[in-house]
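The values are calculated or read from the model by the stated rules, or taken from the named source; none is laboratory data. It should be emphasised that the depicted structure is a prediction, and the values quoted were computed from it without experimental measurement. These area figures cover heavy atoms from the full protein model, side chains too; ligands, DNA and RNA do not enter into them. Shrake-Rupley method; radii C 1.70, N 1.55, O 1.52, S 1.80 Å.
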Amino acid sequence: MKKIALVTGGTRGIGSAISRALNDAGYLVAANYQSGVENAEKFRDETKISAFSWDVSDYKSCESGIKEVCRVLGGTIDILVNNAGVTRDCMLHKMRLEDWTKVITTNLNSVFNMCRLVIQSMREKNFGRIVNISSVNGLKGQVGQSNYSAAKAGIIGFTKALALESASKGITVNAIAPGYISTNMTEAIPDDIKENIRKGIPVGRFGCVDEVANSVLFLVDEKSSFITGTVLNVNGGQYL
Ligand code: CAA
């Protein structure tokens with residue numbers, strides 16, 4: 001029977017590449033999204049992957065969303081990829097409380113919500129793969145990203161703790177820390193700053209979404225069962 005994989009923020013950017021890669025590798029995939037209905041419909045038409053809309057920062061929405069995914073796909077979640085994330089870049093001395101709250105609830109509380117809601121069935125099955133998408137900036141910090149860096153660093157602590165709790169239950173929990181990847185999110189960085197960032201990447205370019213998706217495939221593989229609690233850097237050689 002095909003394993004069921006759920007990808008949050010799975011119809012755009014890195015998430016879309018992850019959903020497609022898992023689908024191509026033979027998993028039964030559900031892609032979550034919140035906004036961008038038009039984009040989600042296009043994604044659905046192109047890939048034939050089921051797409052489900054809910055807000056991952058809201059526990060109750062996650063509860064009903066996951067229930068619906070399980071009903072439609074006919075089983076419980078074997079693989080969870082927590083990818084959904086937003087930025088509200090701003091120097092702290094100008095940051096509004098809502099910029100902080102939005103990033104923490106979407107990028108970090110969502111990881112609690114989703115994991116809390118799938119962990120019991122994984123424990124019962126004695127199998128599970130959880131991959132949390134962190135960031136290079138959760139490891140090293142970034143100007144204008146006190147909110148984002150805090151959330152992405154929080155994901156790493158969460159990942160390590162849950163990995164310990166789940167190790168005896170056949171569940172691996174890992175994080176990926178992508179560096180700068182070409183997506184709409186990095187497109188929004190001012191050109192001069194972007195060029196400075198590029199110069200700091202030893203490979204000499206921003207990464208591609210498929211390069212992150214490929215590392216997800218590796219971590220969710222059944223044969224990757226001895227890798228848990230780790231952070232895999234996919235960043236073009238940036239020294240941390
Ligand atoms: N490294 C070092 N210094 C930086 C910097 C950087 N990456 N970015 C900005 N600065 C400096 C500026 O040079 C400036 O310094 P001075 O005051 O000495 O002149 C100071 O920080 C303030 O910068 P701005 O004048 O640009 O201030 P602003 O308020 O107009 O804008 C900002 C601030 C919104 C943070 C803007 O600088 C910016 O967008 N920076 C890029 C932030 C970034 O890298 N975001 C990543 C988004 S992609 C992502 O998050 C995905 C992922 O996981 C990697």
Carbon plus sulfur fraction of accessible area for the chain, probe 1.4 Å, in percent: 53
Taking the range 136-240 and dividing mean pair separation by its residue count, relative contact order in percent (alpha carbons under 8 Å, at least six apart): 36
Calculated from backbone phi, Karplus (6.51, -1.76, 1.60) coupling profile of the range 229-240 in Hz, x at Gly/Pro: x, 9, 10, 9, 7, 10, 9, x, x, 4, 7, 10
Highest-MSF residue in the chain out of 50, 215, 224 [GNM, Cα springs under 10 Å]: 224
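Report D for the chain in µm² per second (integer): Stokes-Einstein, Kirkwood Rh on Cα pairs, 37 °C, 0.692 mPa s.
Taking Rh from Cα pairs, D becomes 184 µm²/s.
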Exposure rank, largest accessible area first [33, 239; 1.4 Å]: 239, 33
Largest to smallest accessible area among 6, 164 [probe 1.4 Å]: 164, 6
The chain: most fluctuating residue of 107, 126, 137 per GNM, C-alpha cutoff 10 Å: 126
The chain, relative contact order [Cα under 8 Å, separation at least 6], %: 19
Span-like helix ranges in the chain, DSSP H, alpha carbon extent 24 angstrom or more, Kyte mean at least -1.0: 146-166
Surface per residue (accessible, 1.4 Å probe) for the chain, Å²: 48
Among the listed pairs 2/102; 102/194; 2/125, those beyond 26 Å (Cα-Cα): 2/102
Area of residue 76 that stays accessible when all protein chains are in place (1.4 Å probe, Å², to 10): 60
Most mobile listed residue (199, 102, 94) in the chain, GNM with C-alpha springs under 10 Å: 94
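If each DSSP helix of 4+ residues adds -39,500 (n - 2.57) and the sum is divided by the residues in the chain, what number results at 222 nm, nearest 500 deg cm²/dmol?
On the way: 10 runs with 113 residues, N = 240.
Dividing the helical sum by the residues of the chain leaves -14500 deg cm²/dmol.
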